[in-house]
Amino acid sequence: MSAIIELRSITKSFGPVDVLKGVDFTAHEGRVTALVGDNGAGKSTLIKGLAGVQPYDGGEVLFEGNPVTLHHPRDAARLGIEVVYQDLALCDNLDIVQNMFLGREELAGGTFDEGRMEAEAARALQTLSVKTVKSLRQKVASLSGGQRQTVAIARSVVKKAKVVILDEPTAALGVAQTAQVLDLVRRLADSGVAVIIISHNLQDVFAVADDISVLYLGTMTARLEASQTSRDDVVGYITGTKRMTGVDA
Amino acid sequence: MSTEIENEGPATVVEDEAPSLLGKGGHGGVGDAVRSYFQRVRGGDMGPLPAVGGLVVLVVIFAIANPLFLTERNIANLFTQAAPLVTLGMALVFVLLLGEIDLSAGVTFGVAMGVFVKLTQPGGMAWPLALLLALGIGVAVGGFIGFFVARIGVPSFVVSLGLFLGLQGVMLVIIGAGGTYRLSPSQIRAIQNQNLPPWAGWTMLGVVLGVLFAVALLDRRRRAASGAPNPPASIMYAKLGVIAVLGAFVVFYLNQDRGTAARSLQGVPIVVPLVLLILMVGTYVLDRTRFGRYIYAIGGNTEAARRAGVNVTLVKWSAFVVCSVLAVVAGIFTVSKVGSADAAMGREIVLSGVAAAVVGGVSLFGGRGRLVHAVIGATVIAVITNGMGLLKFSAGANLAVTGGVLVLAATVDALARKRSGATGV
């Protein structure tokens, strides 16, 4: 199966510190790839490069098989790479529709086509089978953490993203809301999107991921299929007590 | 076009699309709409409600205390007295929504009007040219503040405080300490001192209602076309009806002869349609264009706006320019009313402008408020000034009451929010 996004020998240094030392990584359409690793392993740096926020120093990025450059958030957005940040980039004083379309409002004759935006937002939430939101015209301030995460994820659907990167989507949520969000992540992948999820919570990772990539001190130490591995193995890779033989890195 | 308007029940178009989402607050009967409104109010989203309530109370008190208050002449006077503050309040809304402030808005118009009045002394420059120059001063000052706030990152309070002090110095240079220049161009004097002929007053009301009606219809048609539900048409008619009745009452009142036996005086003051134009265009910009939406977004969460691709620097910068230019317009209304410019012009009014916006329900923290809120708040302050003046209270008592009303309005708002947590800002 060909990857929608493929990173080859990615390097990134901050001064004398090599954060990424030749990392390979792939994500596939319709699959959830979990990116795990301890603090300082380089997860955030890898993601920031994909988002175009912090360009890589070296290595190759292939998008749908073609080499691309990611030097600016615009480059990522143009390819359809969306990042849902941990500190949810939503405006409390705007409603759900306004947030979902922020920065890409639909215009008709120079003014907002609110009807169209509302209908499209409803469709996006429907493809994710979201039923927890009462009204699309609710201000985001009145939503719970899980609902906010839902809106943030649905934003990427409205943008017709091909790759959605979720940074710790369940970190601040309770048990029920975590289950809801993980459900949402699954449905997002089922709709054909390549989902990359960063998480420290291995329970969540095993609940939702198809593939697991483990970063350890700037190198990709393991790329596993979730169904073929165990929690203990992954913990071993994360802490560096276990090394994979035959990883193509 | 008429089909959706007759459709007062639930919007069936969407019923099968997304019954669970495109629901509450969006469609359904009048009862639903009214209930959802009261829910919002109970939830602490009072908007200008306290100000409107306060306005009614004040009008009743002053009307009882002094029979002169509700005379045609005083009502007309109230409109022209309020116009500068209303306009300045609207100007400030653009920066208050960002969570910023412009303390120099008053002296900005002072300088612009000082230049304008001096240049248009008899034998001087043609007034339209001088007017453009005055508005250009607004652009320059707004651009200056915007540069330091948006590009460099200096707090707007500090930049505009610096300008507040500096521009007073410029005023002294232009006008000279204690000097006063008479406003010469009769066209500018006319704004606050001449009235529309009665038929033009009615035409103005008709145009306003026509525009509001056409926009509402267009919205409904678009929503129906994309399958989004419409609120009941009766709500739209009710809103338009209230505006029509209030407007007709005002126009009728102002069209009565309020002159003396020797000289007839009737009609809507010219400043009124100008203020309405600013209100309508400004509301259009804030509600229906990207620029306006991004102002709210930046006021709500600057980082979110930036990540969504909003050019935060440019939007902030532009908002300061809009504020200063509208402030200059407020200055035009002021010189037109006063008839002259002096070196202290605009020094005091700016804080009243901020007070007007806050009394009307605009948040100083950004992201919440509308132009019409500033209009209502400014009207409250103007009514206090006017009513207490009629009752022969001193200027001191007047200021004290205005200050009390400001604190009261902010308190009511804060309590409503605190009680409710958050129904939605």
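The values are calculated or read from the model by the stated rules, or taken from the named source; none is laboratory data. Just so it is clear, the model here is predicted, and its values are computed rather than measured. Reconstructed Cβ throughout: ideal geometry from the backbone, glycine too, with neighbour counts over all protein chains shown. In case anyone asks, the SASA skips ligands and DNA or RNA and just uses the protein heavy atoms, side chains included. Shrake-Rupley method; radii C 1.70, N 1.55, O 1.52, S 1.80 Å.
Just to be sure, is B:Ala224 surrounded by 15 or more Cβ atoms within 10 Å (Cβ to Cβ), in a loop (DSSP other than H, G, I, E, B), aliphatic (A, V, I, L, M) and modelled with pLDDT under 95? No. The C-beta contact set for the stretch B:257-277 (first residue over 11 Å from B:Asn195 (Cβ atoms), second residue buried (at least 19 other Cβ atoms within 10 Å of the Cβ), distance under 6 angstrom, 6+ apart or interchain) comprises B:Val275/B:Ala83; B:Val275/B:Val86. Number of residues in the stretch A:1-56 that are over 21 Å from A:His72 (Cα atoms), in contact with a helix residue (DSSP H, G or I) (Cβ under 8 Å, 6 or more places away or on another chain) and surrounded by fewer than 19 Cβ atoms within 10 Å (Cβ to Cβ) equals 2. Residues that are touching a Lys or Arg at 6+ places or on another chain (Cβ under 9 Å), at pLDDT 90 or above and open to solvent by less than 60 Å² (accessible area, probe 1.4 Å) do occur in the stretch A:176-189.
Of all residues being among the aliphatic types (A, V, I, L, M) and assigned to a strand (DSSP E or B) in the stretch A:54-90, which is farthest from the other protein chains (Cβ to nearest Cβ)? Just the residue, please. If we take residues in the stretch A:54-90 being among the aliphatic types (A, V, I, L, M) and assigned to a strand (DSSP E or B), then A:Leu62 is farthest from the other protein chains (Cβ to nearest Cβ).
Residues that are part of a helix (DSSP H, G or I) and either crowded, with 17+ Cβ neighbours inside 10 Å or among the β-branched types (Val, Ile, Thr) (or both) within the stretch B:185-199 comprise B:Ile188, B:Ile191, B:Gln192, B:Pro198, listed in sequence order.
Table: residues versus (1) open to solvent by less than 30 Å² (accessible area, probe 1.4 Å); (2) of a type outside the set (D, E, K, R); (3) farther than 17 Å from B:Trp202 by Cβ.
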position	(1), (2), (3)
B:Val242	no, yes, yes
B:Gly247	yes, yes, no
B:Asp257	no, no, no
B:Leu274	no, yes, yes
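Before we move on, is B:Gly206 touching a helix residue (DSSP H, G or I) at 6+ places or on another chain (Cβ under 6 Å), without any contact (Cβ under 8 Å) to a residue 24 or more places away in the chain and either surrounded by 15 or more Cβ atoms within 10 Å (Cβ to Cβ) or not in a loop (DSSP other than H, G, I, E, B) (or both)? No. The criterion of at least 1 residues that are open to solvent by less than 10 Å² (accessible area, probe 1.4 Å) and away from chain A (no Cβ under 14 Å) is met, among helices (runs of 4 or more DSSP H) falling completely within the stretch B:293-392, by B:312-338, B:349-360, B:371-390.
Can we say A:Leu136 is facing chain B (nearest Cβ under 8 Å), open to solvent by less than 30 Å² (accessible area, probe 1.4 Å) and over 16 Å from the mean Cα position of the chain (by Cα)? Answer is yes for this residue.
Just to be sure, is A:Ala119 within 7 Å of chain B (Cβ to nearest Cβ) and either assigned to a loop (DSSP other than H, G, I, E, B) or on the phi < 0 side of the Ramachandran plot (or both)? So A:Ala119 passes the test.
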